[in-house]
Each structure stands twice: as structure tokens, then as C-alpha cells.
Amino acid sequence: HQSPRHIWNVEYILWAPDCKQLGMIGIHGSFPGPTIYAYAGDRITVVVNNKLHTKGVVIHWHGIKQIGTPWADGTASISQCPINPRETFTYEFTADKPGTYLYHGHFGMQRAAGLYGLLIVHDRDDPFKKDPKYASDLNMLLSDWYHEAVYAQAAGLERKDKHFQWIGEPQTILINGRGQFRCSLGITRDRRACDRRKKDAFCQEGDKSERCELIRRSECGPFCEGSQCSPVVFAVEPGKMYRLRIASTTSLSALNVQVQGHKLTVVEADGNLVEPFDVESIDIYSGESYSVLLNTTAEKQESSYWISVGVIGRTPKTPPALAALKYTGSKGELPVKAPPAAPAWNDVERSKKLARDLKARVGTDPPPEKVDRRIDMLNTQDLVDGQIKWAINHVSLSLPATPYLGAYKSGIQDQAFNTTAEAPSTFVSSYDIEKPPKDQKQEAKRNVTVSDRVYRLTHGHVIDVVLQNADMMRDDVSESHPWHLHGHDFWVLGYGDGRYDHEMATKNKELDVVNPRLRNTVVLFPHGWTAIRFVADNPGVWAFHCHIEPHLHMGMGVIFAEGMEAEKLHELDVPREAMMCGKTAVAASPPLLAP
Ligand code: C2O
Ligand code: CU
């Protein structure tokens, strides 16, 4: 076991994740970034050298709680200043518990430019490895890929009125950074063999399903071998058990994963063990991770099967990503059968059922009963000076030039931000969640403000948050949003349809306060609500936001300034390098020498 110390060069690279070569962000000249392995309790050190000539960068360790090291959370403007080009920043933190995690860029939309990888924390006393059938882990990092550069995407999202440009659907879904898009581009291939495969193996003739229509429309494919985009092949032996670790860092897409001919047993969600349950396929939203157990059967040793990852929740315009599960002894690398069809993209009930079926492992500690504070968060989309913004209780997040944590540490929070007003803890009761903002009654009409205000959470308080979905600017349209909390796990108390009513929810036992599952990311379903609970026991400044990259860019997030009371701040170290920007630059600089 190697000591988990890493020195990384973050740089622009030319890469062909889906067979088309583009400029993107890589680590040490490749994509995706290297997988970090550690044991629970290990101290992980990552020295990041920013080689991006003209852009700042930070790296966030998604799912790691950063207990005592909030400055190492890797969020630009929140926990630290962006690392300047040609500068170095050293992250040092503890892998607080075993699980499947991610790391990714957290400055502007840089994550979507390819700056991500897996972070796997092993358990020295792993319950699954004790199973005599256990063979190994199989890692699957899922993402979606756009050919348009993220800076162009961001510019499009910021354009006013009718010039607004949505990022649209991704060109390709990637598994471990590999996918297939029109493999004619830059790749030598046998066109006829490609056509044959498309026709024979991939889609049966006359199959008019959405998936097959999509495949027919693509120029070639699905596969070209021996390239950066050739599909992942997982080699397995018959009669064994594998732990499939799946994590998603998509920019937009919600995904569904299935392994042809195999059932999956869900055992972990976001680093927390869950009561094992069997599924045909599993949904995964951006920011989530799961472990599923996969049993290979003895009689299938001659075969190879598809692992198919398709888009759900939005009209799929992107073909599913494919990897192969190859039994030892099977002849070809790739399966000959057509891959399984993804479940209907718009079957939200199926997704909700999956979310509800996920239960905490029996015997896990229940959450505290006494709640100190409840914050309701209305999710709306609205226009501000011609720009489309997402807002929480009519406040759209824009990050300050001075990072919050450094500002609190230096005691200059009153000067560093555009307001000292607390973010609103609720929204007006007459707001009709079934109508877009423009159709609200007069008293429910509120202008959206763009601001860097925060929620100040008292150390040790038990906080309930109720995320409330509503119609977007378009009538009757409401989307799913995977909300992710930094610095904590939270209990998912419940999900419901329509508007949250505290009395009803309590009376009808819609909230599970006895044995709720712990997670760090949770979905807010269309037209519904999601309730969570957490303990504010980790002093730091933490983002809580929708993990959809363009949504966050449009303001869909809030900031918790937690335990920023003087006595707690005292115990916190914030390295000088995390504060050398904005108003903290002066506070962090050593005094000038007298002439
Ligand atoms: Cu994985 Cu704030 O994000
Ligand atoms: Cu969202």
C-alpha cells in the first residue's frame, strides 16, 4: 500500500474521449485524472501544480468531509482562492470514512472540461472482501461530454433575453473517460465492418426504438478499437462476486446503469452502507455514487455482456455508453447481442421508487430528534436583467472575489461581501409552485436578487432543509436537481409530491426519522419536495448546490457559514495561500519591511 501523496500537474491536453480530438483539462497528460486509493483514516496529500497558463484552478474532494480542514475543500471563492497559473497548492486532508468518492474542478464550469477522477477509500475491515466469492472491485466513473468548450457554454448561459444559449444535450456519455461519437473523426477504421456491426449486432433490423434510431443516426459506431475512445472491457471470472463502484460527475445528465443478464445488489450510497437490495438497473444522478454487487454465474463463462449507461429524465438525444463484461474464455472482446434497452426516460415513478427503496443499513444510528432550525428552500428559475437565473428563495448565488472562509478567519466578513444580510430561511406561503414566476399573484411576486449572502449556522445545531421544487419559467415544466452538500453527510428524511406541508408530512409519516439513509447528494424530483437533516458540527464554509454544472453556474446554490463563531474560528488553520486574493490578500500578506 503506497502512501497517499500525489503530485499533479493540471494542464491542457489534446484528447479524444469519444474519438473526436479536442482540447480539455487533464492531469499528467491524460484523462480522466488518476484514481486515488487510500484507507479510511489515511492522510491524503495532493500537491496541485497549475499548468493552465491563463486560468486559475481548484480541486474539490467530493464526499470527503474535511473535518478540521475546511480550507482543503477545494471550492473557489468559498474555501480558497483559485490557484494561479504556475502556482502550487497543497491539499492535505483525512479520508474520514470508507467509500466511493470523486474529485473534480470547482471553479466556474471547469469540472465539465474534464477535470475529474475517482477517489476510493478502502475499509481495512471490508465486509465484502470477506465473502469467499469476492474477486475484485470494478470501477466505473461516469460523465457526459460536450464538444463545445466550457467557456463558450458559460458565455451562452450568460447571454440576455432571446440570445440565451442553453448547453443542450451532451454529445457522448463516457465510462471511465471513454465513449463513442462518430468514430470516423481522426480514427482509422473499416467503414464496412462498422456498418455491418451497426446493422447486425447492435440493433435488430426493424427495431424502431429510440435507442436504435439514435444509433442509426450516428455516422459510424459503436466502436473503433485501439484508441482513447475504445470501450472499457471488464474481465471477470465465472462464479465470483464483484463490487462495481459507480460514481457520476456528469455536467447535466441523469443516467441509468444496467448489466445485461445480471442482477445488481445495491450496498453503498455516497460512502454509506445501505440495506442490500436487488435491482435490474440503477439510476445515478450527478454527484452520486453507489456500490453494487455483481455475481457472475458459472454457466456464462463463454460469454461477454454489455454494461449499458443510458440517459434518463430528459428526452435522450445522446446514445447510451457501453462497456463490456467479458467472462474468461469468451472469444471476442465485445458482446455479439444487442445491448439491453434503457428504461423509459420519462418514467419518474421508477426513479422515485428506487430512491425510496434505498434504506439505511439496519443498526445505523438514527438522527437526533430535536431540530434547532428548519430552512425551506424554494427552487425557481427567473429573469434578472434579462439573464436567466436559478434562485433559492429568490436569491441567486454569485460568488464573491474574496473567499468566505478566509474572510471569516481574518474577521473581515463585513467588508468582503456585498451584503451582511442573512439568506432567507423561507419563502412566501402564497407562492404557487404549480405556476411559473410570471403567473404568481401579486403578493407572491418577488424580484430575484443576485447575491453572495450566506446562511450562518450555529455550531452544533441540528438543521432540517426542505427543498421545494416548482415550475420553471415555462408552464408545467419542473426538472430534477441533484443537491450536494459539502462537509457533511445528511439524512434523507423523505420525498413527496407537490408542496411540503410540515403538519401533513409529520402526520402521514412521510418523514423517516428512525432509520433514514445517509447521503451527501439527494435528488429533488420534479414538482416535489425533499427533506434532509444534518448536524452543523463541522466548522467551515460549505456549499450546498445543484450538481448540474450549468444550474450552479446560473446561481442554483447556497452557502452555509457554519461554526464561524469566534471561539471555533480560533481553532481553525487556514493556510496563507488559500487567502491571497480579494480582500483577504492584505490580511494574509506579511507586513512590509520598514525601508
Ligand atoms: Cu461535486 Cu460542490 O461538488
Ligand atoms: Cu439543477
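We did not get these values from a lab; they are worked out from the coordinates using the rules stated. Since the model is a prediction, treat every value here as computed from it, not as a measurement. Backbone-built Cβ (ideal geometry, glycine too); neighbour counts: all protein chains shown.
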For the chain, give the magnitude of the charge dipole about the Cα centre (Cβ charges: +1 Lys/Arg, -1 Asp/Glu; no others), in debye to the nearest 20. 1400 debye
Could you list the chymotrypsin sites (Phe, Trp or Tyr not before Pro) in the stretch 6-37 that lie in coil according to DSSP, counting only those with at most 10 other Cβ atoms within 10 Å of their Cβ? none
At a temperature of 4 °C and a viscosity of 1.567 mPa s, determine how fast the chain diffuses translationally according to Stokes-Einstein, using the Kirkwood radius over alpha-carbon pairs as Rh; express D in µm²/s, rounded to the nearest whole number. 52 µm²/s
Which of LYS507, LYS370, LYS568, LYS65 has the fewest Cβ neighbours within 10 Å, and the rest in rising order: LYS370, LYS507, LYS568, LYS65
Per DSSP H run of at least 4 residues, take -39500 (n - 2.57); add these up for the chain, divide by its residues and hand me the 222 nm value, nearest 500 deg cm²/dmol. -2500 deg cm²/dmol
Expected output is a single nm value to one decimal: the length gained when fully extending between GLU87 and THR506, i.e. 0.36 nm times separation in residues minus the C-alpha distance. What is it? 145.6 nm
The orientation-averaged projected area of the Cα convex hull of the stretch 274-384, in nm², is 12.1 nm²
Can you tell me how the stretch 5-125 classifies by the Cα gyration tensor, rounded, prolate or oblate, using a/c under 1.5 as the rounded cut? oblate
quick note, the chain, DSSP beta bridge pairs, % antiparallel (nearest 5) is 75 percent
Dipole axis of the chain (+1 Lys, Arg; -1 Asp, Glu on Cβ), positive-most option in VAL292, ASN538, THR315: THR315
Rounded, prolate or oblate: pick one for the stretch 492-571, where a ≥ b ≥ c are the square roots of the eigenvalues of its C-alpha gyration tensor, a/c under 1.5 means rounded, and failing that, prolate if a/b is larger than b/c, else oblate. oblate
Neighbour-count ranking for SER303, SER79 (other C-beta within 10 angstrom, fewest to most) reads SER303, SER79
Pairs from LYS51/LYS389; LYS240/LYS331; LYS317/LYS509; LYS65/LYS507; LYS97/LYS370; LYS160/LYS409 whose Cα-Cα separation, in the structure shown, is over 29 Å: LYS51/LYS389; LYS317/LYS509; LYS65/LYS507; LYS160/LYS409
Antiparallel DSSP beta bridges within the stretch 5-125, as percent of all bridges there, nearest 5: 70 percent
